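Asks: Quick one: the structure is below, questions incoming.
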Amino acid sequence: MDETMSRSGDAATVDGNKSNMRVIRVGTRKSQLARIQTDSVVAMLKDIYPSLQFEIIAMSTTGDKILDTALSKIGEKSLFTKELEYALEKNEVDLVVHSLKDLPTVLPPAFTIGAVCKRESPFDAVIFHPKYTGQTLGTLPERSVIGTSSLRRAAQLQRKFPHLEFRSIRGNLNTRLRKLDEQQEFSAIILAAAGLQRMGWQSRVGQLLYPEECLYAVGQGALGVEVRAKDQEVLDLVQVLHDPETLLRCIAERAFLRHLEGGCSVPVAVDTTLKDGQLYLTGGVWSLDGSDSLKETMQTTINDPAQHEDGPEDDVQRVGITAQHISQGAQRAAENLGISLANLLLNKGARNILDVARQLNDAH
């Protein structure tokens, strides 16, 4: 990265001996988890650029305000990002920290994901009502009610645990845990393990759901840093946060979801592994009740992702992500893997499963 960064009219050095850089304004949602995630990214940036100043600006999004409707019913693709992107567009903030799974696979043209940070656990976790401590989903009583805001989780788990009922539960992590503990409606709720880890609530996890039981959401466990696509200064600033393995896994996952034209209104899920130069992607689609499904695995060879190739593709975006200092060949292979797996499922009938799921979800 260029040690001296200039912006119209103001000196913007990142030299540790100088502190005349403008303040970098960081947008975030207001929830406790969003603040913890944003603070972690800002801490990494401060560690790399000790002379820089950061100001965190918190705001509420559509998804935070509409709490009486299931996420899949709201019909808005950028539920947790739109207001933050508006602030980015108006130059009120310079970068925004998101849970990557909240970011649509197609971003508005003015924006890009300038960094994908190292992923924490992508798995789902079950938290049980205190009276069911020590149980598993399989041992819960008949017709126990499980709270989840995700069609993906409900569809997969309904198939595996037909004795359980799945109901929508909304609100931030604190709200959902309070509903579980203080009301008698839910026997357990399902949340992303990464969020619980970041909140320091690992002790509440009663059961981790591994991919054999429940494939996870695209991008789950990773944080994305969204910036203005043409703001090269800030883009350069955040690029150092890219974790190559997480980046390639998430490019493959996002390409798979984008090519399927999936979203939160249909059950689509993934599992990725990068090992010994091979990127493995498992992806699946389900009907709403889990009775109909398709799941396949493909792999591709990934050359050294740390190797940077200078060339005309430096500014290319892949599924909304810009990673200028990571091998374009590796990124291209990851993207093609996602597209190839999506095509395989589409050829086997995934479009019909997804169309029916979307229609049923819209009708209820």
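The values are calculated or read from the model by the stated rules, or taken from the named source; none is laboratory data. In this text, all values refer to a predicted model and were calculated from it rather than measured experimentally. With ideal geometry, Cβ positions are generated from the backbone for all residues, glycine too; neighbour counts draw on all protein chains shown. Surface accessibility is based on the protein's heavy atoms, side chains included, excluding ligands, DNA and RNA. Shrake-Rupley method; radii C 1.70, N 1.55, O 1.52, S 1.80 Å.
Asks: If the viscosity is 1.567 mPa s and the temperature 4 °C, what Stokes-Einstein diffusion coefficient in µm²/s follows for the range 155-217 when Rh is the Kirkwood radius over Cα pairs?
Replies: After rounding, the answer is 100 µm²/s.
Asks: Over the range 168-242, what percent of the accessible surface lies on carbon and sulfur atoms, probe 1.4 Å?
Replies: 46 percent
Asks: For the range 86-165, state which GluC sites (Glu not before Pro) are in a DSSP loop and have at most 15 other beta carbons lying within 10 Å of their beta carbon.
Replies: Glu92, Glu142
Asks: Taking loop as defined by DSSP and a crowding limit of 16 other beta carbons within 10 Å, which trypsin sites (Lys or Arg not before Pro) in the range 115-152 fit?
Replies: Lys118, Arg143
Asks: Tell me, what HN-Hα J-couplings in whole Hz come from the Karplus equation 6.51 cos²θ - 1.76 cosθ + 1.60 at θ = phi - 60° for each residue of the range 283-290, using x for Gly and Pro?
Replies: Result, rounded to whole Hz: x, x, 10, 9, 6, 4, 8, x.
Asks: What is the extension gain from Lys46 to Asn343, computed as 0.36 nm multiplied by their sequence separation minus the C-alpha to C-alpha distance, in nm to one decimal?
Replies: Extending this stretch completely gives an extra 102.7 nm.
Asks: Over the range 115-199, give the accessible area per residue in Å² for a 1.4 Å probe, as an integer.
Replies: Per residue, the range 115-199 has 40 Å² of solvent-accessible surface.
Asks: Mind grabbing the accessible area of Trp286 for me, 1.4 Å probe, Å², rounded to tens?
Replies: We get 20 Å² for Trp286.
Asks: When the gyration tensor of the range 81-197 is built from Cα positions, what are the square roots of 5 times its three eigenvalues, in whole Å, from largest to smallest?
Replies: 34, 15, 13
Asks: Which pairs, out of Lys46/Lys101; Lys131/Lys179; Lys30/Lys82; Lys101/Lys348; Lys101/Lys160; Lys30/Lys101, put more than 19 Å between their alpha-carbon atoms?
Replies: Over 19 Å Cα-Cα: Lys46/Lys101; Lys101/Lys348; Lys101/Lys160.
Asks: Ordering Glu296, Glu212 from largest to smallest accessible area (1.4 angstrom probe), what's the sequence?
Replies: The ranking, largest first, comes out as Glu212, Glu296.
Asks: Oh, and also: Report the per residue volume, in Å³, of the convex hull enclosing the C-alpha atoms of the range 239-296.
Replies: Expressed per residue, the convex hull around the Cα atoms of the range 239-296 is 97 Å³.
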